[in-house]
Amino acid sequence: MARYLKRGRDAEAAAAADAATRATVEGILADVGARGDAAVRDLSAKFDRWSPDSFRLSEGEVERALSRVSARDLDDIRFAQDQVRNFARAQRASMADVEVETLPGVVLGHRHIPVAAVGCYVPGGKYPMVASAHMSVVTAKVAGVGRVVACAPPFGGEPHPAIVAAMHLGGADEIYVLGGVQAVAAMALGTETIAPVDMLVGPGNAFVAEAKRQLFGRVGIDLFAGPTETLVIADDSVDGEICATDLLGQAEHGINSPAVLLTTSEKLARDTMAEIERQLGTLGTADLAGRSWADYGEVIVCADDEEMVREADRIASEHVQVMTRDPDFFLARMTNYGALFLGPRTNVAYGDKVIGTNHTLPTRKAARYTGGLWVGKFLKTCTYQRVTTDAASAAVGERCARLCRLEGFVGHAEQADIRVRRYGGRNDG
């Protein structure tokens, strides 16, 4: 049986909705819905101290932002976007339209139709999340989305040049320097100057996540995102230094980011805990990572690899890093995870920033029923049917009419009966 050497706060208590957050978000959404641009401007001034003549950047303002980004940084942004774009294109190519004759004269099919307009939120308050622009904007464009709106808050009292560059190079059609719930509300509900979108994607703080939850239904969303989670699965083929580095590297996202070590080696477990304490003495983000580790970090020792698979699927973590002698053992058997990182040569930071897979992933055990953001999230799989012969319409109609009456739907049954009467006695030849 798995043994805890360190246990974090109760997950259900940590995931409980904050009533104050809900109420605040409800009020902001209602305000933007009622007052439009005026509410957005008031909220931006209140929360971000930002009230420019226009929240939307002009072409000249975009070019000025790009001019402030070094050539090397622009090259790195382009490299990262190329990786995201290439993998998204491969995913899109795997999704074929379908048309098949299921019975003589009955043709069924489906088409993958891009969402018309998408709003991409890029966080930028605590950290300027340049990579989030790649993950949302680039992927939406590969899917064929016609209008991509991108929003990010001001950083240090101005547009963040690298975020603007990433949005622009990724293909955003409209770029707004606008943050928080007011940005999400403006994109979803529309204002006098911002046309509404059909879908919202991208990570954000608790208020942004709550806004997406409340807006779901009026618009589509990618997923309900909570704090970043990481799970390291390791055996004694690696050491405590690399395990500690990878746990703290994700714990620095915030004060409530769970980081869990799952191992078959108690020595590795204790070495990792000691190494975490040592690294926290020098880590520049120790104030965040240390608190997160203290409150949400866990260390679990398992009997064997099979038990680690069971525990990992129970945890259903957003990121799962596997550093064992046989990482493919876990690839073949695990079913609940946002993304897997196999072997010590890779790590979650690669996936977060540059390698090409999407970093918008399920949290809070949502990996039990969904994957993360990918090109398919921006596509609607829509079915159609065609009946090409009289005989097929009559044959299907007879069964349909009986099944409709079985359920009490006599109007439905008449839709079938009229076709039996009209086409049942005719010769298609």
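The values are calculated or read from the model by the stated rules, or taken from the named source; none is laboratory data. Everything numeric in this text was worked out from a predicted model, so none of it was measured. Note: ideal-geometry Cβ built from the backbone for every residue, glycine included; neighbour counts use all protein chains shown. The protein model used for the area step is the full one, side chains on, heavy atoms only, and it has no ligands, DNA or RNA in it. Shrake-Rupley method; radii C 1.70, N 1.55, O 1.52, S 1.80 Å.
Figures for the structure shown
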quantity	calculated
Ellipsoid equivalent to the chain - semi-axes via the Cα gyration tensor, in Å	43, 32, 21
Within-13-Å neighbourhood charge of E277 [Cβ basis; K, R +1; D, E -1]	0
Point-charge dipole on Cβ atoms (K/R +1, D/E -1) for the chain, about Cα centre, debye to 20	1240
Accessible area of the chain divided out per residue, in Å², using a probe of 1.4 angstrom	48
Charge-dipole axis of the chain as Lys and Arg at +1 and Asp and Glu at -1 on Cβ define it, positive-most pick from T360, N347, W293	T360
Heavy-atom accessible surface of the chain: percent carbon and sulfur, 1.4 Å	52
Spatial extent of the range 17-64: Rg and Dmax, with the Cα atoms as the point set, Å	14.0, 43
Residues with amide H under 5 Å from that of F155, placed H, sequence gap 5 or more	H160
Extension gain from C382 to L5, taking 0.36 nm per residue of separation minus the Cα-Cα distance	130.7 nm
Most mobile of G105, G156, G36 in a GNM of the chain (Cα contacts under 10 Å)	G105
With DNA, RNA and ligands ignored, accessible area of S54 (1.4 Å probe; Å², nearest 10)	60
Accessible area (Å², 1.4 Å probe, nearest 10) - T102	70
DSSP-assigned coil residues among chymotrypsin sites (Phe, Trp or Tyr not before Pro) in the range 327-370, each with at most 13 further Cβ atoms within 10 Å	Y369
Solvent exposure ordering (accessible area, 1.4 Å, most first) of H412, H112	H412, H112
Selected from M187, M167, M95 as most flexible by GNM, with the chain as the system and alpha-carbon contacts under 10 Å	M95
FRET E, pair D287, A38, Förster distance 51 Å, beta-carbon r, rounded to 0.05	0.85
Cα pair distances in the range 108-250, grouped into 5 Å bins until the bin that holds the longest one, percent each	2, 10, 18, 19, 17, 11, 8, 7, 5, 3, 1, 0, 0
Rel. contact order, % - alpha carbon contacts under 8 angstrom, at least six apart, the range 212-311	30
Trypsin sites (Lys or Arg not before Pro) restricted to DSSP loop in the range 340-379 with at most 15 other C-beta within 10 Å	R345
Probe 1.4 Å, all protein chains present, accessible-area order of Y121, Y127, largest first	Y127, Y121
Axial C-alpha extent at least 30 Å, average Kyte-Doolittle at least 1.0 - helices from the chain (DSSP)	none
